[in-house]
Every structure is written in C-alpha cells, then in structure tokens.
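One structure is given here, and the rest of the page talks about it.
Just so it is clear, none of the values below were taken in a lab; they were calculated from the coordinates. Remember, predicted model here, so these are calculated numbers, not experimental data. Glycine also receives a Cβ, built like all others from the backbone with ideal geometry; neighbour counts cover every protein chain displayed.
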Amino acid sequence: MGFLLVHALTGLAGASSLFLVASGLTVIFGVTRIVNFAHGSLTMLGAYVGWTVLTRLPRDPAWFALGVAGTAAALAALGALLEMGLLRRLYRSPELFQLLATFGVVLIVQDAALATWGPDDLTISRPPWLRAYVRIADERFPVYDLVLIAIGPAVLACLWLLFNRTRWGRLVRAATWDREMVGALGVDQRVLFTSVFALGAGLAGLAGALGLPAGSANLGIDLSVITEAFVVVVIGGLGSITGAYLASLLIGLLQAFGVVLIPKATLVLVFVVMAAVLVLRPNGLLGRGGAPTALAGTATPVRPPTRGMLLGWGLLLLAALAAPLVAGPYALSILTEAAVAVLFAASLHFVMGPGGMASFGHAAWFGIGAYAAGLSAQGLGVPMPGALLLAPLAAGVAAVLFGAFVVRLSGVYLAMLTLAFAQIVWAAAFQWVSVTGGDNGILGIWPPAWASGPAVVYLLALTLCAGGAAVLQRVLYSPFGYALRASRDSPLRAEAIGLDTRRIRLAAFAVAGAAAGLAGGVFTFVKGSVFPGFVSIPHSMDALVMVLLGGVQTMAGPVVGALAYTGLYDGLLRATAYWRLVLGAAIVLLVLAFPEGIAGAVQRRLRRA
Amino acid sequence: MLAVEGLNSFYGQAHILHGVGFAVGSGEVAVLLGRNGAGKSTTMKSLIGLVRPASGSVRFGNREVARMEPFRRAQLGLGYVPEERRIFAELTVMENLDVGRQPARDGLRPWTPERLFTLFPNLGAMRRRPGGRMSGGEQQMLTIARTLMGNPRFLLLDEPSEGLSPLIVEQMAAAIHALRQEGLSILLAEQNLHFAAEVATQAVILESGRVAWTGSMAALRADAGTHGRYLAV
Amino acid sequence: MTVLAVEGLRKSFGGVLAVDGVSFAVEPGEMLALIGPNGAGKTTCFNMVGGQLRPDAGSVRLAGRDIGGVSPRRICRLGVGRTFQVTATFASMTARENVQVAAVAHRRGTWRPWRSAADLERPAAEALLDQVGLAAQAERAAGVLAYGDLKRLELAMALAAEPRLLLMDEPTAGMAAGERVALMRLVRGIATGRGLAVLFTEHDMDVVFGVSDRIAVLARGALIASGAPEAIRADPQVRAIYLGDGRTGGERPASGGRDC
C-alpha cells in the first residue's frame, strides 16, 4: 500500500512540473495560435538562469523562493522580447512558418546556452532542507516533492483567478475565441499578445528553476520537455488550462507507475494513452471543436510540369550523373547526402503539401527504414539489395498501422501525434540496446565489394533517391494524386463525389512512409551505420525545414529545399562550431524574408515577369 | 462626422468596393442598402478596419482613419457591431460587456451595464449566462450592448435585423431611436427596407460595390424608379 | 418511378424537435422547392437526405431503396449529386480538373497511382463545363473563380456522377439577382432534359416560383403545405407564416430585401 501511495505522490509531483510547462504552452497557443516549439528552450533557460541565480544566493528557503521567482520574471521578460522581436511579425504567416521560426529559436538557444554555461550538467548544492524526507506509510518521501505537489494546484488556482476574475483575463479569453473582434472593440492586441507570451514564458522559467533541486540544468531539457508538453497539451485539449492539468495528472501518474510496471516502455504507454484519447475525443479531453486545422496555408493551383520544366529536370539529372567525373570524394559524399535528403524531403512534401497532413515526426519512417536495412543486413545477413527492399517495406507497413490513427485527425493534433510517435521510435532505438545497440548504434554495414567506392555509392544513392522522388511526383499527377489534393482542398466535396478521403489519406501516408524508409535504408549503407539520431526530433525538423524552405505548394520545392539545406548545413558545419546558432538564425531570417519558401517566391517572381 | 471617399477594398483577390464615397452627418442615422453581395458588409468592415482598404479615405471627426488598426479606430469612438454578432461564447453576458468597456467620452453620458439593461431589458435577466447559450435575438442585443460599452460617438451596425422575429425587430428599432436621442450618429447596413425606413434619415444604395444612389429616406420612398432598379428583383 | 420518397422524417437535437414527421416525394424531371422561415428545419431535412445526418425516425427512399443514415459517399454512389450552401470545390485545381476528378471518381478510376490524370474523362468534363456555361473558364483555377461561376462549377461536378437526384442547398445564396434566375433556368433545362429529380431549398421567391414544379413549405419542423406554385402562393397559412402580405417589416421571406 505504502509503495503505491509513494508512487502516486511521485506521479503528482511530476504532474506539477509538467503542468507548469504545458499551461504556458497552452495559454500561448490559445491566444496567439502559435505552436511554440521554443517553449522547451525557455524551460531550459529557466533552469540555467535559475542555476546562475540560486548558486549566488544564500541557501535558505526564503532566498530559494525569491531566486525562483526572479528567474520566472527574467524569463517572462525574455518571452516578451521574443514576442516583440520575432513572433509579432509572423501572426499573419501560415502556422507552419511560425513553428519553423520557433524551431530556429530552439537552435539558437541551444548554442547560446552552450556558449554561456558550457556542455556539463549543472546542479545546485542541496542544503539540508532540500534533502529532507518525511515518512509516508513507512517509505521515505522528499519534502521538496510535497512542495511541488502543492505548486501545481496552486498555479492552476492562480491562473483560474487571473483568467476569470480580472479584466486582463477576460480579454485573453475573449481573444482566444475571436481575437479580431477584440481588436474591433478597442483592445490593443499587441499588448495582450506580448503579455500572454510573457506569462507563458514565465511559467516555463518557473518550471525550469523548480526542476533544479531534483535534476540539473542541461542541454537536453529543451527537446525532452517540449515533447512531454505537447503530449499533455494535446491530451488536455489545445488552449484549455484545466485540460492541461488533468492531462498532466494522467501523464504524471502514468509515468510514475509505468516506470515500475514496464520500465522500458513508459513512452509507449504514454503514446498509447494519447492515441486512445485522441481517437475517442479528437480535440482532447477538454478541447472544443473548431480548433485550427489548416497548417500549411491556403492551397494554390498546381500545374503539371511544362516541357521546359521537364527539360530542366533532365539537365539537372544529367549534371548529377556526371558529377563523379569532376567531384572529389568529399564533394561526392556531400552530394550523396543531398540525394538522400531530396527523397526524404520529397516524401514529407507528399503528405504535407498535396496531402495536407503536416507531420512533425517524419524521421520515424526514415529511421524505421534505416534500422530495417541495418538490422537485416547485419543481424540476418541479408544482402544489400534485399535490405534496401526491406527498408521501404518496413516503413510502409509501420506507416499504415500508425497512419490509421493519424488520418482521423488534422492540423496541430495530427502534427503532435506524429511527433509523439517518432519519439516512441526514437526511444525504442535508444533504449532497446540488445537489438539496436542503443546510443552506440549499429556499425559496419557497408555495401558489398561491387558497390564500394564513393562514386558507385553516390550513383546508387542518386538512382534510388532521384528515382523515388520521381515516382512520388508521377503519383501526384495521377488520378490518385488528384484525389489526394481533392481530399485536402475540400473533404466535404470529396466525400460528396464519392471519394473515400480517409483511405486516400492513409494510402498517401503509407507511400510517403515507404519513400522515407527507402531514403533511410540508402543512408544506412552510405554511412555504414545506424544511430538513434536518425529518428530524433531535429532530424524530423530537418525534413520540415527543407520542405518549408523550398515551399510546400510547389512540386519543385522539396528538391530545391533539400539541396539548399544540405549545402547550408555542410557549409556551416565546416565553418563554425556554433553551427546551430547560425542555422537557427538563418531559418528565422528566411521565414521572415520568404514566408512562402524559396521556390514559391521564385515561382511568383516568374509569373509576374 | 464620417466622410468616406474613393474607397477601394479587396477580399482576397476579388475587387469588392470600387471607389465608394458618402458622408454621414452628426446625429444622423444613415442606412446602406443594396442586394446581397453589393458590398455593404465590406464597406462596414473597411470603416472599422477589419478589411484594409487598398486606397481611399475615411475621415472620422477630423482624423483620417483609413490606415489605422481597428483598435485605434474603436478608441477614437467608432463602434462596430458585426453582422455575425461574434459574441464571445464562453464568456457570460457581464464578461462580454466588460471586454467592450472603454473610457468615457466628453459630452456623452457613459454607458454602464445597468443603463444598457434598461435599453435591452432581456439582457438584465441573464447576466451570468454564457453568450453561447443565448438565442439569436438576445445575442444581437448583447453584441450592440457590448459595442456601446466602448462609449462610441459613431455606431456601425451591420444588419441588426437579420434573422430576428418581428417583435425583436421592433425592440431593435426602438433602441436605435433611443441611441439617436443620446446623441450617437449611426450607419447601418440593412436588407430589410421596412426596418430601414423606420429608423433611418438618410440612405446610400450600393450596387456591385459602387454607390448607385444617395439621398434622404423620404426622397427614396417617393422615388419608385430607384426602388425598383436597385432594391427589388 | 418516384426517385426520392421521404416519409415521417423526424430529427431532434438535444431534446428540441427540429424536424417532425415530414413527408414528400420527387419524381424524375421534377423540381421540388423546400421553403420556410429560418430555423424551420430545411437544412436538417436536407442533410438527412444527403447523408450528413441520421434521421431519428422515418425513411428516406431513393428509387425504392432506404438510404436513411447511409454515408454521403455511398449516397453519391447511389446516384445523388449535391451542391452546398457555401460552395465546396477544389481550389488548387482548374475548373476542368475539378470536374475530371468527379468524373473519374464516378467511374471508379481513382485508385490508379501510375496513370497520368491529365486526359482522363477530359471530353466529358469539357462537355459538362460547356453545358453549365463555364467553357471559357475551364483552365482557370477554382480558387480564383467568381462566386457565381463556383456555383456553376459545383453543378457540373454534381452532374459528372450522372445522378438521378440533385440536392441543392440554397443554390443561389450570395449571387446577383440576374445570375440567380439564369442558374436555376439552367438547372430547369437539365432536369427536364435528363429526367433529373431536383430537391432544393431557396429564399428567393422569384427563383422558387419561377422554376419549381411543386413547393413544400416547412414551419417549425413540420410540413404546413405542399403543392403547385399557384396553390402555395394563394395559401393563407403560408402567406401568414412565410410569404407575408408585403407590409410587415419583420419577417422577411428572403435574404435580400425583396419584400417591398
């Protein structure tokens, strides 16, 4: 009994921490409609700033509380600056571009934190009062966790009062419902938005600082926190604070007991619960309908390729085929990676552009393909062609199974479900050491003798990846491709002319998954190894950046985006140790300069001319 | 009080308003008439700024407001009541009113919820009811009351009689008379000519985004030809 | 043979009866207008016939077959085309491609990922666009078409499935007066020519009395009258509840100031 109680209490303490982050995220989303990817980074900065402040203050409880409050205030100020400097310029952009910009901030904050605080985990020394225990049912339970348990409901109560008993709160709730009307009634939305963002950032800072006694300030907080916060916010219902608290309780308890029951599969458990909630209630526990669904902006007409464009593609392909004649081994290795990137980006574009399903976890299929190829080649001794066949097959099958959940949703919910699923695959790759080798990966998966040497590897990758991308293009101009776009443009009309939109979307999801799986399989043989990083959030974001950089609504977009991004990435990697910072800044600037992507901007310029 | 000149507005790529111009004097009640799609709503939205006019001038008092954000126009005393009512469904009647609250204005008696409840007695009986659980007529009263909380000098009323029962329409007409007594100037967009005739002093007829006719309501009543050409089918 | 026969249709939302025992029928080549004040239950009736809503009681028979509660997709396959109050077309495609997609779906040709779609059903699509008067707009994207043209495009898409029954929910809402009558005359011609049954709701009395063969009047969820246009125009109850006598300002028969 005591054992159960203590675990339940541990779960409640965890729930409080989750809630602090998730409430900020959900409040920001409710009003600004921005999915703030940088919310985890704000939490991470909260931890670092908290460390800096708390290690300089006397170590008694009053000073600790003051330091934590100061940290929250500092982060609130930073949040306000972030909103005024960046997000304010993006409220009229498509939501995916807003998300991309906040991901750019994630990268910038990563390197800024690294430069400021160094790579080591930073802990605060814990005075006796922080180490104190109470005895609960014959088990020792930390007093600090009891404090955390109380903080969750206390913050919930404060937020409730703030939103229901103050004019500011009423304005915010009104703006959540209809922000344009609030403006027409004489309320300056800019001030409202900035203050909401500051509140959310302050809560993130609070969470970061309060996490210090039991943890540390480290560079991994941002992505781990944002994933959990997304899960909580989606389960609770976007924009609902009470929903976020209920979901935090659910996830907190699930994690506390999951660690005991099935220690390796806690994330899987969380995911199953999330999927179950979303299947039963597509808008989350307390979310209401009418949440924004269109993520990729309005659809623009797509024209079949003209003869001139086909000629252009042909020339590009010829140049690519001739590259080994002039390029050295290093350049060839970059070109090989670019070829893989093209297929990876094209497959995401397939579901996201014509399919209208913005996947935040596309690396899942890449990784499943990579591991399928790596494991079959190394574990089962399957020869390379077989392994390269298994890669898209495994990814495609997985995409069908998972896609059955995904195609029921749309917009932000869909995006977050895909992100969560990718995290499961990542966790499996990372934790299932006996099969995947964990963090060490699987090494020594090289092509057979006939296919060794950079030129042959390059040509092989080019053939498979350019071929795969061409197949995807071809499908888009087939009746199926038109039906897919029809399902995106107007599901109502699509069903009324007899199209089974769910099945069409599922098929598209599977095709894209298989194509990404092929890219992953090829990459495995290019690198000779597979790592969990193939499935990581940053890798999913790579694909997203490439597609958005190129332009979602142009067919040439993913190719342009993949080439530009691979070039940029490689150049940065060689030029500076702080490549994340530069890349992040580049992403932010590109989003500000080209809200419709590079290819989109060029296309518009061409049409005008 | 309000002078519009050469207003051009687009909705997406569609050119809706073509050089619309008219003026409404202080203390007057003017009505914008015209068929569906003639540009009445777009004119109203352009005046408050929810649609950004591509060109043209909107003078309110002695200020040029055509490029201003909607909230600035509202703060200057332009009150906008949207056609779709746009009640904050999760907020109660009192909370909805509070969102509309703005400081009092010189020369006008400030509006309070209590004063509004004498104008719209139905609302007073449901102060804590969420806006989403009110009937269409009650919502229409609430949306007007909410805008009045901003103490406007000039009221833009987009289709206030739309979808209301005859009894409520009568109440609405009485309310507009009362507002005029308070010293407000009003521009309404209407399709219901009878309602318009009851409350308005002046008429502006729009046809395909252009002003086709302006004049007094009495002149319009007398002019059967204009009637037939622009308003009947 | 009767194309559509609706009997004793009933639907309530949260305890409020929206449609209460409504019955009507539409014959081939016939246009039946469903009219009544806002909130009378027209759209609810419509959505039960179109498959968007499941009736609580009563039957919807299409050529003798019960289709109550069948999904919109199946209902389309059974020969029901529809247009929507707010037009629903595919904005990223040209007008021609919109119709092609509908025609290909009708011929079960969608699941061919390898064939180029460019020429599939092209002549059929062009003929339909010509029929609705959109031939000149065929190569323009649906996203930039004028509203009246989108209504015509919807009609062409609905016709692409060679339906026996066409459902049109407020087909002329948001159109200019001249366009309204032209569109519905076009439908009238097609209905007569193809033997197509048409059920439509409409607020514009010129359209209703101009093109329909019969009119059914709903008020508070119940059918209060049905019959030929002249009989409906003369019906005192209908005049009192809906058409009015031209003097009351409050209850407006139409969304467009035509009651004067």
For region B:114-190, which trypsin sites (Lys or Arg not before Pro) are in a loop by DSSP, counting at most 16 other Cβ atoms within 10 Å?
B:Arg127, B:Arg128
Residue-wise HN-Hα coupling along region B:197-206, computed from phi with Karplus coefficients 6.51, -1.76, 1.60 (Hz; x: Gly, Pro):
5, 6, 10, 9, 9, 9, 10, 10, 9, 9
Using the Karplus curve 6.51 cos²θ - 1.76 cosθ + 1.60 with θ = phi - 60°, work out ³J(HN,Hα) for each residue of region A:77-92 in order, rounded to whole Hz, and write x for Gly and Pro.
5, 4, x, 4, 4, 4, 5, 6, x, 10, 5, 3, 7, 10, 4, 9
If we restrict to alpha carbons, what Rg and Dmax does region A:316-536 come to, in Å?
17.8, 56
Amide H neighbours of C:Gly36 under 5 Å, at least 5 residues apart or on other chains, H built in the peptide plane: list them.
C:Leu218
I'd like the distance separating the alpha-carbon centroids of region A:474-521 and region A:380-413, in whole Å.
16 Å
Calculate how steeply helix A:266-280 sits against the longest principal axis of the alpha-carbon atoms of chain A, using the helix alpha-carbon long axis, and give the answer as 0 to 90 degrees to the nearest 10.
80 degrees
Taking B:104-112, A:167-175 and ranking on average Cβ neighbours within 10 Å, highest first, one gets A:167-175, B:104-112
With R₀ set to 35 angstrom, the calculated FRET efficiency between the beta-carbons of B:Ala14 and B:Ser216, to the nearest 0.05, is 0.65
When A:Ile124, A:Ile136, A:Ile334, A:Ile587 are arranged by how many other beta-carbons sit within 10 Å of their Cβ, fewest first, they go A:Ile136, A:Ile334, A:Ile124, A:Ile587
If I model a spin label at A:Thr242 and B:His177 as a point 7 Å from the Cα along the Cα→Cβ vector, what separation in nanometres do I get?
4.5 nm
Please identify which residues in region A:1-32 have an amide N closer than 20 Å to a label point set 7 Å out from the Cα of A:Asp138, following the Cα→Cβ vector.
A:1-10
Enumerate the lysines that C:Lys11 could reach by cross-link, defined here as Cα to Cα under 20 Å, with residues fewer than 8 away along the same chain left out.
C:Lys42
Computed helical MRE - 222 nm, the protein assembly as shown, DSSP H runs ≥ 4 contributing -39500 (n - 2.57), nearest 500:
-18000 deg cm²/dmol
How are the Cα pair distances of region C:134-242 distributed, in percent, across 10 Å bins from 0?
12, 42, 32, 11, 3
Please give the per residue volume of the convex hull enclosing the alpha carbon atoms of the protein assembly as shown, rounded to a whole number of Å³.
191 Å³
About its Cα centre, how strong a charge dipole does region C:90-162 have in debye, to the nearest 20, once Lys and Arg get +1 and Asp and Glu get -1 at the Cβ?
220 debye
Could you check the spin-label model distance between A:Thr123 and B:Arg128? Points 7 Å from the Cα along Cα→Cβ, value in nm.
5.2 nm
Local charge sum around A:Pro282 (other residues, Cβ-Cβ under 12 Å, Lys/Arg +1, Asp/Glu -1)?
+3
From Cα pairs below 8 angstrom and at least 6 apart in sequence, can you work out the relative contact order of chain B, rounded to a whole percent?
28 percent
Using the Karplus curve 6.51 cos²θ - 1.76 cosθ + 1.60 with θ = phi - 60°, what ³J(HN,Hα) values do you get for each residue of region C:198-215, in whole Hz, with x for Gly and Pro?
10, 10, 9, 9, 6, 9, 7, 5, 4, 5, 4, 6, x, 10, 7, 7, 9, 10
Would you please give the residues with an amide H less than 5 Å from that of B:Thr92, counting only those at least 5 places away or on a separate chain, with H modeled from the backbone geometry?
B:Gly131
Membrane-span-like helices in chain C: DSSP H runs reaching 24 Å or more (Cα, own axis), mean Kyte hydropathy at least -0.5?
C:177-194
Antiparallel bridges, percent of DSSP beta bridges restricted to the protein assembly as shown (to nearest 5)
60 percent
10 Å Cβ neighbours from other chains, averaged over peptide C:147-159:
1
Could you give the distance between the Cα centres of region A:139-196 and region A:1-58, to the whole Å?
15 Å
Which order do A:Thr524, A:Thr43, C:Thr2 fall in if you start with the one that has the fewest other Cβ atoms within 10 Å?
C:Thr2, A:Thr43, A:Thr524
Using only the alpha-carbon atoms, how far is helix A:221-236 inclined from the longest principal axis of chain A? Give it as 0 to 90 degrees, nearest 10.
80 degrees
Once you have the Kirkwood Rh of chain A from its Cα pairs, apply Stokes-Einstein at 37 °C and 0.692 mPa s and quote D in µm²/s.
131 µm²/s
For region A:514-574, what does the relative contact order come out to in percent, with C-alpha contacts under 8 Å and a separation of six or more?
19 percent
At a Förster radius of 35 Å, what calculated FRET efficiency corresponds to the Cβ-Cβ distance of A:Ala593 and A:Thr52, to the nearest 0.05?
0.50
Which of C:Met48, C:Met31, C:Met93 ends up with the largest GNM mean-square fluctuation for chain C, with Cα atoms connected below 10 Å?
C:Met93
Which cross-chain or sequence-distant (5 or more) residues have an amide H under 5 Å from the amide H of C:Ala225, H modelled 1.01 Å from N in plane?
C:Val217
Gain on full stretching of the segment that runs from C:Ala127 to C:Glu7 - 0.36 nm per residue minus C-alpha separation
39.5 nm
Measure out, as a whole number of angstrom, how far apart the alpha-carbon centroids of region A:71-97 and region B:1-43 sit.
36 Å
Neighbour cut-off at most 11 other Cβ (10 Å), DSSP loop, chymotrypsin sites (Phe, Trp or Tyr not before Pro), region C:76-173
C:Trp114
Region C:90-162 - Kirkwood radius from inverse mean 1/r over Cα pairs (Å):
11.9 Å
For A:Ser359, C:Ser23, ascending order of other Cβ atoms within 10 Å (fewest first) is C:Ser23, A:Ser359
State, as an integer percentage, the relative contact order of chain A based on alpha-carbon contacts under 8 Å between residues 6 or more apart.
20 percent
With a cap of 16 neighbouring Cβ atoms within 10 Å, and only residues DSSP puts in a loop, list the chymotrypsin sites (Phe, Trp or Tyr not before Pro) found in region A:437-516.
none
Would you calculate the separation in nanometres between label points at A:Asp188 and A:Leu4, each defined as 7 Å from the Cα along the Cα-to-beta-carbon direction?
5.7 nm
